[in-house]
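Structure first, then comments.
The values are calculated or read from the model by the stated rules, or taken from the named source; none is laboratory data. Nothing here was measured: the structure is a model prediction, and the numbers come from that model. Because the Cβ atoms are built from the backbone with ideal geometry, glycine has one as well, and the counts that use them run over all protein chains shown. Ligands, DNA and RNA are stripped out before the accessible areas are found, and what is left, the full protein with its side chains, is counted by its heavy atoms. Shrake-Rupley method; radii C 1.70, N 1.55, O 1.52, S 1.80 Å.
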Amino acid sequence: MGDAVAVLVAFGSFLTTLLGGYAALRVGSYRYLVLGLVAGLMLGAVSFDLLPEALSHGGVWALFGIPAPLVAFVLGFLVLHIVEHTVGIHRDQTSNAADLAEAPSVGLVAASGLVGHSVMDGFAIGAAFQAGAGVGTVVAVAVIGHDFADGFNTYTVTSIYGNDRRRALTLLAADAVAPVVGAALTLTVTIPHRLLAVYLGFFAGFLMYLASADMLPKGAHGPPHCCHPGMHHRRGAVHVRDRRAGELR
């Protein structure tokens, strides 16, 4: 039942990805506020829910005395860092625009990487619902919010490398469907609790990198007249903390 709910919830990612792509067409200053708020939600999810949930599973593996979910957390952070800097998924849109426009294949590879990442997002929603409705809801909120940025990046990175609008929209559509596909994959498999704890730690590392190294820096470059994104990232984190505290009462 929880897996079926996860697939339905993943349709929220479908919608926010499309909204992110639309925002790439109609860029406005409010995008930076959204990025700040979503970054706060993601940091709150990592600190107050994902890592505590991963460490709460009994009998977790340990590596040299360090719980396996914490090792997976560091690996998740490093893996996304290496992938991003190898493929250039979140490359700055404003630098060397003339050079970027001459490499359409690079844009397709980068956007395809984002689609693959979105499949993992959906799988994370399904895996989290297997751990429990509470952690599933928190992960879903973080992923759904983050997929707004994924939609924006998918359309933008495809376009700035010289691909036409039709290709950019095709990859945006693929990125929107990807989380639903990922969540549906969890219908076919039940993840053992030990492995689930490691996966939650790994995904927490992903979210930590995206929030701290991608979304917050982008939000900080918003227009001067825009309300500072840091206020919104704190509100997002506090919202997740308070929600978690309410569940524990």
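List of remarks:
- Any pair with Cβ under 9 angstrom, 6 or more apart, that starts in the range 180-199 at a residue that is over 16 Å from Ala10 (Cβ atoms) and ends at one that is charged (D, E, K, R) and in a helix (DSSP H, G or I): Thr190/Asp3; Ala197/Glu53
- Under the condition of being closer than 30 Å to Pro192 by Cα and touching a Gly at 6+ places or on another chain (Cβ under 8 Å), the residues counted in the range 146-182 number 9.
- Selection within the range 169-192: residues that are open to solvent by 40 Å² or more (accessible area, probe 1.4 Å) and assigned to a loop (DSSP other than H, G, I, E, B). The member of this set that is farthest from Ala111 (Cα to Cα) is Pro192.
- Of the residues making up the range 144-168, those that are within 15 Å of Ser112 (Cβ to Cβ) and either part of a helix (DSSP H, G or I) or open to solvent by 40 Å² or more (accessible area, probe 1.4 Å) (or both) are Asp150, Gly151, Asn153, Thr154, Tyr155, Thr156, Val157, Thr158, Ser159, Arg167, Ala168.
- Residues that are modelled with pLDDT of 75 or more and either of a type in the set (Lys, Arg) or open to solvent by less than 10 Å² (accessible area, probe 1.4 Å) (or both) within the range 46-70 comprise Val46, Leu50, Ala54, Pro69, listed in sequence order.
- There is at least one residue in the range 83-94 that is assigned to a helix (DSSP H, G or I) and either modelled with pLDDT under 70 or touching a Ser or Thr at 6+ places or on another chain (Cβ under 7 Å) (or both).
- Cβ-Cβ distances below 8 Å connect the following pairs, each with a first residue in the range 72-85 that is of a type in the set (Phe, Trp, Tyr), a second residue that is open to solvent by 20 Å² or more (accessible area, probe 1.4 Å), and a separation of six or more residues or different chains: Phe73/Leu51; Phe73/Phe202; Phe73/Met208; Phe77/Met208.
- The residue pairs whose first member lies in the range 12-40 and is more than 20 Å from Ala204 (Cβ to Cβ) and at pLDDT below 85, whose second member is open to solvent by 10 Å² or more (accessible area, probe 1.4 Å) and among the hydroxyl-bearing types (Ser, Thr, Tyr), and whose beta carbons are closer than 6 Å, counting only pairs six or more residues apart or on different chains, are Ala24/Tyr155; Ala24/Thr156.
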